[in-house]
1. Could you tell me what a quarter of the Cα convex hull surface of region 65-182 works out to, in nm² with one decimal place?
2. Cross-link partners among aspartates and glutamates for Lys251, C-alpha distance below 15 Å, same-chain residues fewer than 8 apart left out?
3. Tell me, what HN-Hα J-couplings in whole Hz come from the Karplus equation 6.51 cos²θ - 1.76 cosθ + 1.60 at θ = phi - 60° for each residue of region 334-344, using x for Gly and Pro?
4. Per residue of region 251-257, in order, report the coupling 6.51 cos²θ - 1.76 cosθ + 1.60 (Karplus, θ = phi - 60°) as ³J(HN,Hα) in whole Hz, putting x for Gly and Pro.
5. So what are the ³J(HN,Hα) numbers for region 235-249, from phi and the Karplus equation (6.51, -1.76, 1.60; θ = phi - 60°), rounded to whole Hz, Gly and Pro as x?
6. What residues have an amide H closer than 5 Å to that of Met274, excluding those fewer than 5 places away on the same chain, when H is modeled at 1.01 Å from N in the peptide plane?
7. With contacts defined as alpha carbon pairs under 8 Å and 6 or more residues apart, what's the relative contact order of region 31-145 in percent?
8. Straight-line reach from Lys108: which lysines fall under 29 Å, measuring Cα to Cα and dropping same-chain residues less than 8 apart?
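The values are calculated or read from the model by the stated rules, or taken from the named source; none is laboratory data. It should be emphasised that the depicted structure is a prediction, and the values quoted were computed from it without experimental measurement. So basically every Cβ, Gly included, is an ideal-geometry build from the backbone, and we count neighbours across all protein chains shown. Only protein heavy atoms, including side chains, enter the accessible area calculation; ligands, DNA and RNA are left aside. Shrake-Rupley method; radii C 1.70, N 1.55, O 1.52, S 1.80 Å.
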Amino acid sequence: MMQPPVRQSDEGPTWWKTGVVYQIYPRSFADTTGDGVGDLEGITSHLDHLSGSPSSLGVDAIWLTPIYPSPGHDLGYDISDYASVDPLFGTEANFDRLVAEAHRRGLKVILDLVVNHTSDVHSWFTASRRSRAGPYANRYLWGDPAGTDRSGRPIPPNNWVSFFGGPGWEWDPIRGQFYEHTFLEQQPDLNWRDPGTRADVTAMMRGWLARGVDGFRMDVFNAFLKDPELRSNPVRRGRSAWTRQLHLHDKDQPDLPALLAELRAVVDEAPGRMTVGELFDGDVGRAARLSAERHLVFDFELLQAGWSAAAMSRALDRREAAYGPDRWPTVVLSNHDQPRYVSRWGTGLDRDALARAAAVLLLTLRGTPFLYYGEELGVPGIVVPNEDAIDPPARRAGPDFAWWNRDQARAPMPWTGDPGASFTTSRPWLPLSPDAATRNVAAQRADPRSVLAFYRALLALRRATPALHAGAYARVAMRTPGILAFRRRTADSRALVVLNLGRRDLTATLASDIAAETWDPALGTHGSSPPGIARSGRINLRALEGVVLVALDAHAR
Ligand code: NOJ
């Protein structure tokens with residue numbers, strides 16, 4: 001299928017809604033320095049894979065997970081300087097070139113904004129722990145001991161625990177107080193009620209916006225504010241220290257929307273910018289309530305649903321009920337924290353077929369899709385035993401702390417079938433995916449039946465069809481178990497998606513009013529002649545087959 005011509009970076013107001021965002025984990029995309037770790041030049045040199053050339057995938061934006069200096073305890077989510085680039089990834093000039101080259105191809109650039117916490121070697125923390133007076137005194141959440149235990153050790157100020165296992169407070173002998181951390185002890189939480197935090201973070205955001213950044217992905221944004229009195233959370237029954245608390249006081253505070261509005265106003269100073277917040281430990285209702293114009297929220301309803309038409313339909317109904325027609329959701333099936341979907345859903349299933357069927361969901365449901373690098377090839381997770389884990393919480397997993405080793409979703413991008421997959425010339429920081437020799441960009445580019453070719457065709461159809469990138473959504477109730485169907489429509493464009501999520505070939509029957517419309521089976525997962533709808537309303541779908549049908553009248557316009 002033809003790719004649209006190279007577009008200039010347009011400042012159109014709705015790219016955050018109609019576009020597709022491609023998530024890059026910079027360590028794992030492409031290494032140009034030969035140290036086994038991906039870098040910014042590696043990303044720049046592969047931008048044509050994403051946009052701007054006839055063989056490009058055809059996405060609209062890239063989101064880079066953190067590229068800032070960091071000791072790496074949480075692989076970049078522990079930042080020691082917000083205003084510069086980690087030399088591990090390159091230079092300031094490399095970053096500016098990446099932004100310019102992305103914009104030249106019509107790609108927006110979204111950076112990760114990790115401001116719930118800093119690294120414990122950030123200069124703000126070093127100053128804050130040294131003195132209870134001065135500009136950084138209240139930059140973090142400090143608390144006096146609630147007393148001492150039998151052995152004379154200080155007891156933390158309240159019962160909060162860390163999401164990464166263990167207590168949520170760490171004793172600091174330098175300051176003689178505890179500091180709070182939602183994640184690792186090397187990640188002290190900022191105090192967002194300190195005016196200095198707001199001033200310094202917003203100045204930093206303005207700095208990146210001035211360098212051409214088009215938006216921010218806000219890490220765990222609903223945890224920025226904590227209870228001003230640092231009250232203990234109520235306890236409840238649960239399987240882990242975290243779930244045994246009702247998290248009333250360590251996140252989701254009533255003044256969060258006002259803080260978000262302040263941060264939004266900063267982003268809005270430059271037109272055409274957006275934010276997307278990562279909802280931390282919350283349900284789809286909260287995600288919907290916190291979403292706003294130009295501010296998307298990740299909810300994980302679909303990602304956590306099982307691969308069946310029944311489970312997916314329930315998840316979609318919950319999502320639609322929560323968002324309603326006026327709020328705009330995101331669509332996320334994998335990311336750097338979760339098992340890749342072909343591994344999560346794929347037991348016993350044909351990997352390519354599953355990847356294509358899931359692509360249909362990702363790219364035709366209502367909401368902004370976030371495509372995780374490698375998804376477009378059907379790359380599976382890698383196996384990394386806990387004893388070899390790099391992911392820090394995985395290293396401390398134990399009886400009261402179960403953790404999924406996130407290394408498994410972060411394997412290097414396979415570009416070719418060569419040793420090192422042309423990701424690196426040396427030893428990659430994580431193992432390559434097991435089928436990298438055959439499942440890689442070069443091989444799939446050469447194969448018109450590949451997962452990559454399907455993603456490209458589907459992205460092109462999505463771009464050409466307003467119903468698919470902007471339309472309202474309605475699920476179509478189906479009598480045949482295993483079949484998921486939904487419609488999308490705008491005033492002058494209509495689409496119908498029918499998917500068999502099951503392992504058996506099926507015949508489904510669509511309601512007569514839908515069957516009476518004239519549909520063009522524009523794209524199918526199983527080859528060049530996708531199944532159509534018979535006059536009787538019947539449609540035959542093989543296992544894991546999906547079809548995107550476009551209304552003929554609308555198509556012609
Ligand atoms: C969410 C990020 O996605 C994850 O990778 C990180 O470990 C935590 N936030 C802490 O920053």
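1. 9.2 nm²
2. Glu180, Asp189, Asp219, Asp227, Glu229, Glu278, Asp281, Asp283
3. 8, 7, 6, 9, 10, x, 4, 5, 5, 7, 5
4. Whole-Hz 3J(HN,Hα) from phi for region 251-257: 6, 6, 7, x, 8, 4, x.
5. 9, 8, 6, x, 8, 9, 4, 5, 6, 7, 10, 8, 7, 6, 10
6. Correct list: Gly215, Phe216.
7. Relative contact order, region 31-145: 24 percent.
8. Within reach: Lys17.
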